[in-house]
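Presented below is the structure to which this report refers.
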Amino acid sequence: MQTDRPLLILISSNRNYGWIVPLFLKANSLWADYIIIVDQMSTDGSREMYAQYPNVIIVDDEDMAFKENTRARIAFEKGREIANGRDAIYFALDIDEIMPANWQETLDGQRILSSKPGDMFGMRWADIQPDNKTYVHEPNYMYKIFHDNGIEWQSCKNELHAPHLPYSTYEMAPYEINDFPNLHFGHYNKRWRKYNVKYYGVLDVHLKRSQSVISVNRSYYYRPKNNLPTGIIKQEWLYADFDVFSMIDLDAKPLGLSLLKEVIEQDGLMKFTCVDIWDKELCNELGIADPRTWWDKMMHTYLRATNKYQKTFLIRATDKILKKIY
């Protein structure tokens, strides 16, 4: 651990993401001084994987509720406890994300390492594709890196899609990193991704985050294709001493299936017939037939049929009416 620079502290959380944990730990432990993971009592072998890395610190979270902002705060506060007043830069990565191998060698990487307390940095995702060769470049910068200045954690009321670092009013906008992306493997495992998206929609209904189930369905299941730019994965992003892709387990059962079952059983089946999640695998997991009413099926058929036209005046007007009655 170098002593002439700030500590590099990675914070994250996990619950049974064992399919990607080996890669997350292997890649990120090569640059992070400490990796702090708030673990929701994982039972898939993740906890045994942590033990292989002396710089990994686990904080047990026995609360199984989905609380992104709360878990991030717990991890960040643990980081401050470990730093014990020493200058520190925090990296908030999801468990399916890794920093590229060359990030510290770039100009933006040097900007991070030489930053001042209070500096914030935004990265864009490179969504790694299942062909092991290409990626989709997400256009939005996400607040991922923060040079600690002692700011008090500002909690976010919404626990879904919440900030993972001390939330500020952005008096000083995050610096936008362009020299390298955040390597995101959330789209690499197609089956896992499919049930994660289904779960987020159900969670949205559970948390009453959206005003209408029409909005929920449009947001999660019927999003128009954005034709985002693609590229070839750069060799310098990968790690020379191990094969990134060989460390990923694509056969693991999707966590989303189990999480869907938990929420549906907690709130009752009929609350979620309005969201278009019902396929054969999910119904088998729950031991039921498709529970949707004829009205639910009709609405889902309409949403699918009008997906690519949803920004037109007629469909927007129709959606507005449907939001009042559905």
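The values are calculated or read from the model by the stated rules, or taken from the named source; none is laboratory data. Just so we're clear, the structure is a prediction, and the values are computed from it rather than from any experiment. All Cβ positions, glycine included, derive from the backbone under ideal geometry; neighbour counts span all protein chains shown. These area figures cover heavy atoms from the full protein model, side chains too; ligands, DNA and RNA do not enter into them. Shrake-Rupley method; radii C 1.70, N 1.55, O 1.52, S 1.80 Å.
Filter region 1-55 down to residues that are outside any loop (DSSP other than H, G, I, E, B) and of a type in the set (D, E), then give me how many there are. So that I can check it myself, show each step before the final result.
So the first thing to find is which residues in region 1-55 are outside any loop (DSSP other than H, G, I, E, B), and the list is 7-14, 21-28, 34-39, 46-50.
Pick out the ones that are also of a type in the set (D, E) and you get 39, 48.
Of the residues in region 1-55, 2 are outside any loop (DSSP other than H, G, I, E, B) and of a type in the set (D, E).
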Next on the checklist: Quick check on R209: is it out of contact with any strand residue (DSSP E or B) (no Cβ under 6 Å at 6 or more places or on another chain), part of a loop (DSSP other than H, G, I, E, B), of a type in the set (K, R) and open to solvent by 20 Å² or more (accessible area, probe 1.4 Å)?
Outcome noted: yes
Next on the checklist: For region 268-298: of the residues being within 19 Å of H206 (Cβ to Cβ) and aromatic (F, W, Y), which is surrounded by the most Cβ atoms within 10 Å (Cβ to Cβ)?
Outcome noted: F272
Checklist outcome for this item: Pairing a residue in region 253-272 that is under 12 Å from N196 (Cβ atoms) with any residue that is surrounded by fewer than 14 Cβ atoms within 10 Å (Cβ to Cβ), where Cβ atoms lie under 8 Å and the two sit 6 or more apart in sequence or on different chains, gives L257/E281
Checklist entry - Just one of the numbered conditions (1) closer than 27 Å to N189 by Cα; (2) surrounded by 20 or more Cβ atoms within 10 Å (Cβ to Cβ); (3) more than 19 Å from the chain's Cα centre (by Cα); (4) of a type in the set (A, V, I, L, M) is not true of A27; which one? => result (3)
